[in-house]
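The structure appears below as structure tokens.
Values quoted throughout were computed directly from the atomic coordinates according to the rules given, and no laboratory measurement underlies them. Values in this document were obtained by computation on a predicted structure and should not be read as measured data. Positions of Cβ are generated from backbone atoms using ideal geometry, with glycine treated the same way; all protein chains shown enter the neighbour counts.
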Amino acid sequence: MPSRLTGLQRTLTWQDFGSPRPGTPPAGQRTTAAQTRARPNRSIFAEHVHGTRPPQFRLRDNAVISVDLDRAQTFVNQWALNMPAPYPTDLLHHEQGHYDLVALFCRDMFIELMELKQQSSSTPQAVMADAEAIFRRFDGFIAAVHTPYDDQTDHGNIAQQQQRWDGFMRSAFTTPRTPATSAPDGTPYRVPLLDVLRQGGVIL
């Protein structure tokens, strides 16, 4: 099976957050209403390039990157669901953003990995080391992006800032790269999320 990315497009529902946690927020204190944790799961292998002497190795074309929801770290508090409308809907929209930011970075990670597939190295360990360097860089972006997203939107409570971040994600999902580049199947690659954020003044 050829290399693939899974989980890029997923619409969260409150059912994805498990049973709501009981309790009420402490009087006069801010507390977390909900939390979304998504993370990349990766499966890659190196292979010998047939007929090469001395032997050369490359990434095998069955790499898989999936965007996985960490259900143990994903939750919602019952008091948040009991808030008057549109609070629960707006909160879910904000949490969707946390997932989409991870998914977009996973997409861009996958694209870089597919570019690596065109290269060869003298050892399988070198192939894997090059892939791990890509993973470490994007893992850093994924870990870092949630803080400015939450801080600037006040966890979705500042509508103007939430709309600004929605625009970042919409651009990364829809805007073609310049110059235009495409996947092997002809699907146009979209602009990297990191470029969109930097153009918007968000530095990770």
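Observations, loosely collected:
- Of the residues 96, 125, 163, the one that moves most in a GNM of the chain with alpha-carbon contacts below 10 Å is 125.
- Contour excess over end-to-end distance, with Cα ends at residue 66 and residue 151 and 0.36 nm allotted per residue: 27.9 nm
- Computed from label points 7 Å out along Cα-Cβ, the spacing between residue 35 and residue 119 is 3.7 nm.
- Label-point gap, in nm, between residue 187 and residue 164 - each point 7 angstrom along Cα→Cβ: 3.1
- Stretch gain in nm, segment residue 139-residue 73, where the contour uses 0.36 nm per residue and the Cα spacing is subtracted: 22.1 nm
- Here the gap between residue 50 and residue 126, fully extended at 0.36 nm per residue and compared with their Cα-Cα distance, gives a gain of 25.6 nm.
- Comparing 167, 28, 51 in a Gaussian network model of the chain (Cα springs below 10 Å), the most mobile by mean-square fluctuation is 28.
- Helix content alone sets the calculated 222 nm mean residue ellipticity of the chain: runs of n ≥ 4 DSSP H residues at -39500 (n - 2.57) each, divided across all residues, give -14500 deg cm²/dmol.
- Top of 168, 110, 57 by mean-square fluctuation, Gaussian network on the chain, Cα under 10 Å: 57
- Hydrodynamic estimate: the Kirkwood radius of the chain over Cα pairs, inserted into Stokes-Einstein at 20 °C and 1.002 mPa s, corresponds to D of 114 µm²/s.
- Cut-off 10 Å between beta-carbons: net charge of the residues surrounding residue 121, Lys and Arg +1, Asp and Glu -1: 0
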